[in-house]
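The values are calculated or read from the model by the stated rules, or taken from the named source; none is laboratory data. Owing to the predicted nature of the structure, the values given are computational and were not obtained by experimental measurement. Here the Cβ is made from the backbone with ideal geometry for all residues, glycine too, and neighbour counts use every protein chain on show. Keep in mind that these areas ignore ligands, DNA and RNA; they rest on the heavy atoms of the full protein, side chains included. Shrake-Rupley method; radii C 1.70, N 1.55, O 1.52, S 1.80 Å.
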Amino acid sequence: MNCMSIKPDIKDITLAEQGKNNIEWALKDMPVLRRIEERFIKEQPFAGLKLSACVHVTKETAALCTVMKAGGADALLIASNPLSTQDDVAAALVKYWDIPVLGYAGETVEVYRNHVRSALDHNPDIIIDDGCDLVATLHAERPELASQVIGSTEETTTGIIRLQALERTGELRFPALGVNTSLTKHLYDNRYGTGQSSMDGIMRAANILIAGKTVVISGYGWCGKGCALRAKALGANVIVCEVDPLKALEAAMEGYRVMPIAEAALEGDIFLTVTGDKHVVDVQHIMNMKEGAFLCNAGHFDHEVNIPDLKKYTLEIKRIRPFLDEYKLTNGKSVYVLAEGRLVNLVAAEGHPASVMDMSFANQALGIEYIVKNKGKLENKLHTLPETVDNAIATLKLESMGIRIDSLTPEQEEYLNSWKL
């Protein structure tokens, strides 16, 4: 089946011109990906291969898809989140790059699930996933397709957790590469990208001053570290909630207050979850919060703040402005939910800046190339890109920034590799 035989499902094709401008704008700030594209055009590493990608439809992910197509891939893109799609970008990919897109802002979960199945109908040889929905659905509903799949890449911590579960039970049917494990991904995208874009989303949705507020961050992984860092820089008093003693200790050593969410609920003004788990902020916590507390999430799925059960204790939900809903509770208080509990940085803002996604998507592009080059050689396990690839991406990024670094002399190299005194 040719990719364009799958009918696109987008909001409005007339938005394409603006989307094209946005994609081209993103590419200007993605020099590493552009360098990779130049090589892909010459070498055509994905010629004859079908690619199904389930990622957020933003100008940056669009840039990745155009690079993959430039390398010969028959690419199809579906949105990985019902609210994060940039409709102009989706239209541009369809009109100017002939890449069918299935996704539009505001689609229902049922529509999203149908799009996932359509992506599998494409019979992909390679998969790019963001949250493991495409891979998980293939394993659960279409296992007969697994023998054709050379491998997949995964963008998120949440997706890697799912892949680890598949590997642990021996059910993973093809090699998967955890892009999020690469240093040039999680050390930069998760920390600097999530930190900046989450604060951006909160400020766009609510138009509130962060300085002087008490911001409660649930989760102190790399995303949580970035969010805490940016909130502190904006003048917030930051509280961190954790279940991992090492991460909690690290947060304390960084100068943040650390406490259980039940205690933090009494003090916080803004609550931001970045854990990848469910019901991290639960109803009993919300009912004890201050009048006017803000609830938001930057973890992959919309399970982290228990919105479904919160509705049982809600008298009225009032839309104040786009991506900001007031929940009038049975205890007489009101709380404000941002982006319906979905990714606040992608729903209420535009996600990570292109310059940081440059490294993440360089990992994606080179990750797929690595899988294809090693077809039949990789075990059906979760893999990580070799350190040499990580270093090459970092080197290209430094060069694009005009930064030079030292190199070891032969004498220094010998000294570091010797045990002798």
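Within segment 60-78, residues that are closer than 11 Å to Ala47 by Cα and in contact (Cβ under 8 Å) with a residue 60 or more places away in the chain have Cβ atoms under 8 Å from residues that are of a type in the set (Asp, Glu) and surrounded by fewer than 24 Cβ atoms within 10 Å (Cβ to Cβ) in these pairs: Gly71/Glu37; Gly71/Glu43; Gly71/Glu369, counting only partners at least 6 apart in sequence or on another chain.
Checking each residue in segment 50-82 for being crowded, with 19+ Cβ neighbours inside 10 Å and part of a loop (DSSP other than H, G, I, E, B) picks out His56, Val57, Thr58, Gly71, Ala73, Ser80, Asn81, Pro82. Just one of the numbered conditions (1) open to solvent by less than 10 Å² (accessible area, probe 1.4 Å); (2) farther than 16 Å from Asn207 by Cα is not true of Leu295: (2). Pairing residues of segment 301-324 that are at pLDDT below 95 with residues that are assigned to a loop (DSSP other than H, G, I, E, B) and open to solvent by 90 Å² or more (accessible area, probe 1.4 Å), at Cβ distances under 7 Å and at least 6 apart in sequence or on separate chains, gives His303/Lys278. Somewhere in segment 162-170, is a residue polar (S, T, N, Q), at pLDDT 95 or above and not in a loop (DSSP other than H, G, I, E, B)? So far as segment 162-170 goes, yes, one or more of its residues are polar (S, T, N, Q), at pLDDT 95 or above and not in a loop (DSSP other than H, G, I, E, B). The selection criterion, being modelled with pLDDT of 95 or more and either open to solvent by less than 10 Å² (accessible area, probe 1.4 Å) or closer than 19 Å to Val274 by Cα (or both), holds for Tyr220.
So is Ile239 at pLDDT 95 or above and either surrounded by fewer than 24 Cβ atoms within 10 Å (Cβ to Cβ) or in a strand (DSSP E or B) (or both) or not? Yes. From (1) open to solvent by 70 Å² or more (accessible area, probe 1.4 Å); (2) more than 19 Å from Val335 (Cβ to Cβ), pick out the condition that doesn't hold for Glu263. Evaluating Glu263 over (1) open to solvent by 70 Å² or more (accessible area, probe 1.4 Å); (2) more than 19 Å from Val335 (Cβ to Cβ) leaves (2) as the failure. Checked against (1) farther than 21 Å from Leu64 by Cβ; (2) surrounded by fewer than 22 Cβ atoms within 10 Å (Cβ to Cβ), Glu369 passes all but a single condition, namely (1). Among the residues making up segment 348-384, those that are assigned to a helix (DSSP H, G or I) and not aliphatic (A, V, I, L, M) are Ser355, Asp358, Ser360, Phe361, Asn363, Gln364, Gly367, Glu369, Tyr370, Lys373.
Against the test of being at pLDDT below 95 and over 25 Å from Arg34 (Cβ atoms), the options Lys377, Lys420 yield a single qualifying residue, Lys420.
Scanning segment 115-125 for residues that are more than 15 Å from Ala140 (Cβ to Cβ) and surrounded by fewer than 19 Cβ atoms within 10 Å (Cβ to Cβ) yields Ser118, Asp121, Asn123. The set of residues in segment 145-200 that are surrounded by 24 or more Cβ atoms within 10 Å (Cβ to Cβ) and of a type in the set (Asp, Glu) comprises Glu154, Glu155, Asp189. One residue stands out in segment 11-45 among those that are open to solvent by 40 Å² or more (accessible area, probe 1.4 Å) and assigned to a loop (DSSP other than H, G, I, E, B): the one that is nearest to Glu60 (Cα to Cα), namely Asp29. Remark: pairs (first residue in segment 125-148, closer than 22 Å to Gly48 by Cβ and part of a loop (DSSP other than H, G, I, E, B); second residue basic (Lys, Arg) and open to solvent by 10 Å² or more (accessible area, probe 1.4 Å); Cβ separation under 9 Å; 6+ apart in sequence or on different chains) = Asp125/Lys50; Arg142/Arg117.
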